[in-house]
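First up is the structure itself, then whatever we jot down about it.
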Amino acid sequence: MTSAKRPKKASDEATASGWSVESGDCRPSNEGNSKSWAAKPVTKNKYRIPLPTNTNARPQVVAYKRKGLSVEDLYDTGDDMTDDSEWSTDEDYDGSDLDYGMYDEDDFDDLPYQHVYSRKDFDDFDGEYGDSEDSSGSSDSFYRKYILKGERYDSGDSSDEEYEFVNDSNTVYIPYGSAIMRDLSDDKVEFNPENEHGQIIDLPNDNNDAEASVNGTAAVGDAEEKAVEIELEEHNDDDDGEEESDNSCPEAVPINPAPAEYQFYNAVDLRMSLAVLKSPIYMYGHLSVQVLSGMLEMWGYQLDVAEKRTVYASGGYNAINLTPLPTPKTFSKAALERIVGKLKPHFIESDIDALMKQFDPATCVLVLLRADLFNASDTVPLVCKLLPDYTLFPTALTLDNGSPFRTTEMLLEIALFQPTAKNVPLFQANRDWRAVQLQPYSRLVVVGGKGTGKSTLCQYLINRHIKKYGRVLLIDLDIGQPLLFLPETISVSVVEAPILGVGCFADVKPLNCQLFGSFNVVSSPQLYLEIVSSLLQYCDENRELEDIPWIINTMGYVVGFGAELTNAIIRLVQPTDLVQLTVPKLLQRQPPFNKIQNYANQLKPYLVNAYEYNMLGRVLVMQPSPLEYRFYDFMVGYGASSESFNPPRRRTIAIMAQLVKILGDTAESFADVKPHMAHINDLEILITRDEHRPSKEMLLSTLNATMVYLCEKLPNGLYNCFGVGIVRSVDDKENVFLLHSLSPEQLAKAKVLALCNTSLPSQVYLQDSPNIEGTLPYLQNVTPATATNQPA
């Protein structure tokens, strides 16, 4: 089994009508291209982008961060609902000789739902670590294999010459960060050489006037595991005025005791943890979640036993809930014992024994959390690398050291919160939402002011109905903060899996997307409605979308002309259900809700039918009347949080989630990507961000070093949008060099480059790369000595 890589973008050798593959150091080449689109080599680059070409070969990688060995799914469901691929950047790693099997076919013979799954025979974990003959495996060989690739470390420092690695069975290796090293002289500690087991030593204080005692208590109850409490008492002599020496124990960070409702058992050799949940808990993090016993609800989606899903809950958004749903009627203790028995080699034996002794299927749900399995198309690591200041996902440096779940959080790099957590936006489903029951023919519209949670509700409804229908159609009319795709566009997407976190990380490709080109719908409301009507007609004519529910997300423009626009959208959609989100007056007195506005009236069918239009009446003359739909009025009840990202930041994240796809499976920076080339005369340049139209000469400078929407012009004058790209440079021959992630078929149609309000994120310019030398064009370098700006 080999490690999965990031998906490759379009082949470098592929060509498309109007576009040819650039060869070499950002210089056009005739190789592999037709004569009609071949260009001569450029001798002078007049317009440059701050993405210098590589001048040095890629440096040899000395070490990789070791990933835990992959463990196959507990079940093989035989369908696409299971995600069992990994993400890895180590191209040289070859795990084909490893046995990843973990669970036998008979593990679930006792389960009443066993007929649902097609199982495979999996071997035990014997020999999982590869070609090591010693099953125990020494730390020396383990370290050399994964870190130093079989070579001893040589720092070049003469002070290291006397060190000799001790490779014997009596040596105990302590993981970094799990203990405090004390510097004591040999005459202060007395060991019993005849004792073959570990010894408890009383450490004397350095001034010999006090005695430090360490008392450890650990007890296991019937339903919980009590935390080990360590108390350090120091009794100093008041008559002695000497200060404590530098070798004294530093002040420890207090750790709150873990609540009895949650128990976590952490693996010793993998980034994996077993969680026994009795109550809901919230989480930030990027990891896979798999249910071993019971059921689990996350953002409206219910995970059945054996089902595994990937979570991408980012900071600045709602923390995702893990709500246990015990299923004692379908519990099989024998099956659970066999499953946990296969996991036992990776955990402390006493922990597994305690888990099995205490586990109560009537009150508990057992969940397996893993942080080392990623989908091959996962864009999360790349976005985090380009946006380090955003702190999207927890790291060891950002986690709370006083958290009662600190050990598990550090292992998995996640953040866990109890339902009573403050200043953290938690996903909280309104109980009234369950009244919405979608049917295959449903067309549900969600309306409300800005910040009322329209996207959150749409995501909840998708997750709640995705298992029943297999597919849900999302028509996103929000041009400012779309749930899945790019801002300034209106898109239609078929969602086939639950969205468990930030929507742009779900990597759902739109079925159809059209460019509006602005955040402000007032700039061209007729064009907006024309695009909406065009997409609705596309969905009506597509037979594949007939028998699946539709969910329509709208903007938060509710006052003035916004009310007329919303009524027009409702008339165009012809919904079967409409949900209106309203902020109660009590919350409107509190920031930030004091900036949120509600509709003046409830948008019930009789009011929409009687609405008198001012500007948009001519657009709706062909719409039938009257309307009939079920109306739901839900009050917003969640608490406000200052930790939520503002709209500009969310748009940057959504844009970056699309741009990182340009890197493909090999490039580490945008400077490493080979661009495609086309002449400016073969392209149409569309500028939507202002009314000024520059001359052709100025257009080349305007286009250079920008982010563009890649579009196709339709016969009706609208523009299909395939994605975004980066104009890396425009040379003095008027050739445009484009970085993109489109397929060859899409690139052949992308003859329109649209400059809209969304700019290229500055993080793309400032991305660190060892292959970049010298100053960056268009930027300024600050000299540390003089602190003066020098133009590059």
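Report, by residue number, each residue of the stretch 278-288 that is among the hydrophobic types (A, V, I, L, M, F, W, C) and either part of a loop (DSSP other than H, G, I, E, B) or modelled with pLDDT of 95 or more (or both). Steps first, please.
Here is the first cut: in the stretch 278-288, the residues among the hydrophobic types (A, V, I, L, M, F, W, C) are 281, 283, 287.
Matches in the stretch 278-288: Ile281, Met283.
For the stretch 673-689, state whether one or more residues are in the same structural domain as Leu747 (by the TED database) and modelled with pLDDT under 85. Show your work before the answer.
Residues of the stretch 673-689 in the same structural domain as Leu747 (by the TED database): 673-689.
Within this subset, residues satisfying the condition of being modelled with pLDDT under 85 are 689.
Yes, some residue in the stretch 673-689 is in the same structural domain as Leu747 (by the TED database) and modelled with pLDDT under 85.
So is Arg618 at pLDDT below 90, within 30 Å of Ser524 (Cα to Cα) and basic (Lys, Arg) or not?
On the way: at pLDDT below 90: yes; within 30 Å of Ser524 (Cα to Cα): yes; basic (Lys, Arg): yes.
Against the criterion (at pLDDT below 90, within 30 Å of Ser524 (Cα to Cα) and basic (Lys, Arg)), Arg618 qualifies.
Scan the stretch 486-496 and tell me whether some residue there is among the small types (Gly, Ala, Ser) and more than 21 Å from Leu710 (Cβ to Cβ).
No, there is no match, as no residue in the stretch 486-496 is among the small types (Gly, Ala, Ser) and more than 21 Å from Leu710 (Cβ to Cβ).
Let me spell it out: the conditions are (1) crowded, with 22+ Cβ neighbours inside 10 Å; (2) of a type in the set (Val, Ile, Thr); (3) over 17 Å from Gln263 (Cβ atoms), and Thr330 meets all of them except one. Which number is the exception?
Among (1) crowded, with 22+ Cβ neighbours inside 10 Å; (2) of a type in the set (Val, Ile, Thr); (3) over 17 Å from Gln263 (Cβ atoms), Thr330 violates only (1).
When the residues of the stretch 254-277 are filtered to those that are in a strand (DSSP E or B) and of a type in the set (Gly, Ala, Ser), which remaining residue is surrounded by the fewest Cβ atoms within 10 Å (Cβ to Cβ)? So that I can check it myself, show each step before the final result.
Initial filter on the stretch 254-277 (in a strand (DSSP E or B)): 262-266, 272-277.
Still in the list and also of a type in the set (Gly, Ala, Ser): 273, 275.
Numbers: Ser273: 23, Ala275: 25.
Looking at residues that are in a strand (DSSP E or B) and of a type in the set (Gly, Ala, Ser), I get Ser273.
Which condition from (1) in contact with a Leu (Cβ under 7 Å, 6 or more places away or on another chain); (2) modelled with pLDDT of 90 or more is the one that Asp540 breaks?
(1)
Considering each residue of the stretch 514-523, count those that are open to solvent by 20 Å² or more (accessible area, probe 1.4 Å) and touching a helix residue (DSSP H, G or I) at 6+ places or on another chain (Cβ under 9 Å), and give that number.
Taking the stretch 514-523 first, the residues open to solvent by 20 Å² or more (accessible area, probe 1.4 Å) are 519-520, 522-523.
Filter again for touching a helix residue (DSSP H, G or I) at 6+ places or on another chain (Cβ under 9 Å), leaving 519, 522.
Selection size over the stretch 514-523: 2.
Starting from the stretch 385-399, keep only residues that are within 14 Å of Val424 (Cα to Cα) and in the same structural domain as Leu412 (by the TED database), then list their pairs with residues that are among the basic types (Lys, Arg) and open to solvent by 50 Å² or more (accessible area, probe 1.4 Å) whose Cβ atoms are within a distance under 8 Å, requiring at least 6 positions of separation or different chains.
Leu399/Arg406
Please count how many residues of the stretch 457-494 are surrounded by fewer than 23 Cβ atoms within 10 Å (Cβ to Cβ), over 13 Å from Thr554 (Cβ atoms) and out of contact with any Leu (no Cβ under 9 Å at 6 or more places or on another chain).
5
If you go through the stretch 541-569, how many residues are surrounded by 14 or more Cβ atoms within 10 Å (Cβ to Cβ), in a helix (DSSP H, G or I) and free of Cβ contacts under 8 Å to residues at least 60 places away in the same chain? Full working, then the answer.
First, the residues of the stretch 541-569 that are surrounded by 14 or more Cβ atoms within 10 Å (Cβ to Cβ): 542, 545, 548-558, 561-569.
Next cut, in a helix (DSSP H, G or I) only: 545, 561-569.
Now narrow it down to the ones that are free of Cβ contacts under 8 Å to residues at least 60 places away in the same chain: 561-565, 567-568.
Residues that pass the stated criteria total 7.
Quick one: in the stretch 291-305, of everything that is in contact with an Asp or Glu (Cβ under 8 Å, 6 or more places away or on another chain) and open to solvent by less than 10 Å² (accessible area, probe 1.4 Å), which residue is farthest from Leu426 (Cα to Cα)? Give the derivation first.
As a first pass, look at the stretch 291-305 and keep what is in contact with an Asp or Glu (Cβ under 8 Å, 6 or more places away or on another chain): 291, 295, 303.
Restricting the remaining residues to those that are open to solvent by less than 10 Å² (accessible area, probe 1.4 Å) gives 291, 303.
Details: Val291: 22, Leu303: 20 Å.
Looking at residues that are in contact with an Asp or Glu (Cβ under 8 Å, 6 or more places away or on another chain) and open to solvent by less than 10 Å² (accessible area, probe 1.4 Å), I get Val291.
In the stretch 339-366, which residue that is touching a helix residue (DSSP H, G or I) at 6+ places or on another chain (Cβ under 8 Å) and aliphatic (A, V, I, L, M) is most open to solvent (accessible area, probe 1.4 Å)?
For the stretch 339-366, the residue satisfying everything is Ala362.
Residues in the stretch 377-397: is at least one within 25 Å of Tyr265 (Cα to Cα), in a loop (DSSP other than H, G, I, E, B) and out of contact with any Asp or Glu (no Cβ under 8 Å at 6 or more places or on another chain)?
Checking the stretch 377-397: at least one residue is within 25 Å of Tyr265 (Cα to Cα), in a loop (DSSP other than H, G, I, E, B) and out of contact with any Asp or Glu (no Cβ under 8 Å at 6 or more places or on another chain).
Show the residue pairs meeting these rules: Cβ distance below 7 Å; 6+ apart or different chains; first residue within the stretch 693-704 and open to solvent by 60 Å² or more (accessible area, probe 1.4 Å); second residue among the aliphatic types (A, V, I, L, M).
Going by the 7 Å Cβ cut-off, the qualifying pairs are Arg693/Ile687.
Does Pro381 meet the test of being within 30 Å of the chain's Cα centre (by Cα) and surrounded by fewer than 16 Cβ atoms within 10 Å (Cβ to Cβ)? Outline the logic, then answer.
On the way: within 30 Å of the chain's Cα centre (by Cα): yes; surrounded by fewer than 16 Cβ atoms within 10 Å (Cβ to Cβ): yes.
For Pro381, the condition - within 30 Å of the chain's Cα centre (by Cα) and surrounded by fewer than 16 Cβ atoms within 10 Å (Cβ to Cβ) - is met.
Restricting attention to the stretch 715-735, does a residue exist that is within 23 Å of Gly664 (Cα to Cα), open to solvent by 30 Å² or more (accessible area, probe 1.4 Å) and in contact (Cβ under 8 Å) with a residue 12 or more places away in the chain?
Yes, because at least one residue in the stretch 715-735 is within 23 Å of Gly664 (Cα to Cα), open to solvent by 30 Å² or more (accessible area, probe 1.4 Å) and in contact (Cβ under 8 Å) with a residue 12 or more places away in the chain.
Within the stretch 502-513, track down each residue that is open to solvent by less than 10 Å² (accessible area, probe 1.4 Å) and assigned to a strand (DSSP E or B).
Matches in the stretch 502-513: Cys513 only.
Within the stretch 757-767, is there a residue that is under 29 Å from Leu535 (Cα atoms), open to solvent by less than 10 Å² (accessible area, probe 1.4 Å) and not in a helix (DSSP H, G or I)?
no
Based on this model, can you work out whether Leu369 counts as closer than 17 Å to Leu500 by Cα and surrounded by 18 or more Cβ atoms within 10 Å (Cβ to Cβ)? Working first, answer last.
Details: closer than 17 Å to Leu500 by Cα: yes; surrounded by 18 or more Cβ atoms within 10 Å (Cβ to Cβ): yes.
Spelling it out, Leu369 is indeed closer than 17 Å to Leu500 by Cα and surrounded by 18 or more Cβ atoms within 10 Å (Cβ to Cβ).
With the requirement that a residue be of a type outside the set (A, V, I, L, M, F, W, C), outside any loop (DSSP other than H, G, I, E, B) and either touching a helix residue (DSSP H, G or I) at 6+ places or on another chain (Cβ under 8 Å) or modelled with pLDDT under 85 (or both), what does the stretch 621-651 give you?
Initially, the stretch 621-651 is screened for residues of a type outside the set (A, V, I, L, M, F, W, C), giving 623-626, 628-630, 632-633, 637-639, 641-644, 646-651.
With outside any loop (DSSP other than H, G, I, E, B) added as a condition, the list becomes 630, 632-633, 647-651.
Matches in the stretch 621-651: Tyr632, Arg649.
Pick from the stretch 438-470 the residues that are more than 22 Å from the chain's Cα centre (by Cα) and among the charged types (D, E, K, R): which of them is farthest from Asn520 (Cα to Cα)?
Selected residue: Lys468.
Given (1) open to solvent by 50 Å² or more (accessible area, probe 1.4 Å); (2) within 37 Å of the chain's Cα centre (by Cα); (3) assigned by the TED database to the domain that holds Leu457; (4) not aliphatic (A, V, I, L, M), identify the lone condition not met by Tyr632.
(1)
Based on this model, can you work out whether Asn781 counts as at pLDDT below 95, within 25 Å of Phe519 (Cβ to Cβ) and either not small (Gly, Ala, Ser) or not in a helix (DSSP H, G or I) (or both)? Before you say what the answer is, go through the steps one by one.
On the way: at pLDDT below 95: yes; within 25 Å of Phe519 (Cβ to Cβ): no; either not small (Gly, Ala, Ser) or not in a helix (DSSP H, G or I) (or both): yes.
No, not satisfied.
Might you let me know whether the stretch 690-699 holds any residue that is in contact with a strand residue (DSSP E or B) (Cβ under 6 Å, 6 or more places away or on another chain), outside the structural domain of Gly480 (by the TED database) and among the basic types (Lys, Arg)?
Checked the stretch 690-699: no residue is in contact with a strand residue (DSSP E or B) (Cβ under 6 Å, 6 or more places away or on another chain), outside the structural domain of Gly480 (by the TED database) and among the basic types (Lys, Arg).
The values are calculated or read from the model by the stated rules, or taken from the named source; none is laboratory data. As the structure is a computational prediction, the values presented were derived from the model and not from experiment. We place every Cβ from the backbone using ideal geometry, glycine too, and count neighbours over all the protein chains shown. Surface accessibility is based on the protein's heavy atoms, side chains included, excluding ligands, DNA and RNA. Shrake-Rupley method; radii C 1.70, N 1.55, O 1.52, S 1.80 Å.
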